[in-house]
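Quick note: the coordinates plus some simple rules give every number you see, no bench work behind them. Nothing here was measured: the structure is a model prediction, and the numbers come from that model. Here the Cβ positions follow ideal geometry from the backbone for every residue, glycine too, while neighbour counts run over all protein chains shown.
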């Protein structure tokens, strides 16, 4: 078992995708992972270790490493096209606890 001090700290990012239509969870995950991968590269993606926790009505919660939170936020902010349409991803809130996002 890993001691609590050795565990990697995580952050929850609450975001909203602004697009003319609703995306499925798979489409959203693909777009988010593609954005992080293109901005941070493979090494940065593995350090950030993003995971889409929840997605509904074009908004969701992304879990990532505390040390890479700023890079993940920057990657999401740089998205200009989603599935060939004009759109963006807005980061609404960042928290260390899921219950404090709402």
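Put in line by how crowded their Cβ is, counting other Cβ atoms within 10 Å and starting with the fewest, 91, 2 read 2, 91. For the chain, the longest principal axis of the C-alpha atoms and the axis of helix 25-48 are separated by about 50°.
Modelled this way, with points 7 Å down the Cα-to-C-beta line, the labels at residue 74 and residue 42 are 2.2 nm from one another. A straight chain from residue 67 to residue 83 at 0.36 nm per residue would run longer than the Cα-Cα distance by 2.8 nm. Using a simple spin-label model with pseudo-atoms 7 Å out from Cα toward Cβ, residue 18 and residue 95 lie 2.3 nm apart. Counting every other Cβ atom within 10 Å of each residue's Cβ, 43, 15, 55 order from fewest to most as 43, 55, 15.
Fully extending the segment from residue 1 to residue 25 would add 5.4 nm, taking 0.36 nm per residue of separation and subtracting the current Cα-Cα distance.
On a full-extension model of 0.36 nm per residue, what is the gain between residue 59 and residue 10, subtracting their alpha-carbon distance, rounded to one decimal in nm? Each step should come with its number before you reach the end.
Working: separation 49, 0.36 × 49 = 17.64 nm, distance 1.95 nm.
Full-extension gain reported as 15.7 nm.
Residue order for 23, 62, 78, fewest other beta carbons within 10 angstrom first, comes to 78, 23, 62. For P(r) over Cα pairs in 10 Å bins from 0, in percent, the choices are (i) 16, 40, 24, 15, 6, 0; (ii) 16, 50, 28, 6, 1; (iii) 12, 14, 12, 11, 10, 9, 8, 7, 6, 5, 4, 2; which was calculated from the structure? Among (i) 16, 40, 24, 15, 6, 0; (ii) 16, 50, 28, 6, 1; (iii) 12, 14, 12, 11, 10, 9, 8, 7, 6, 5, 4, 2, the one derived from this structure is (ii).
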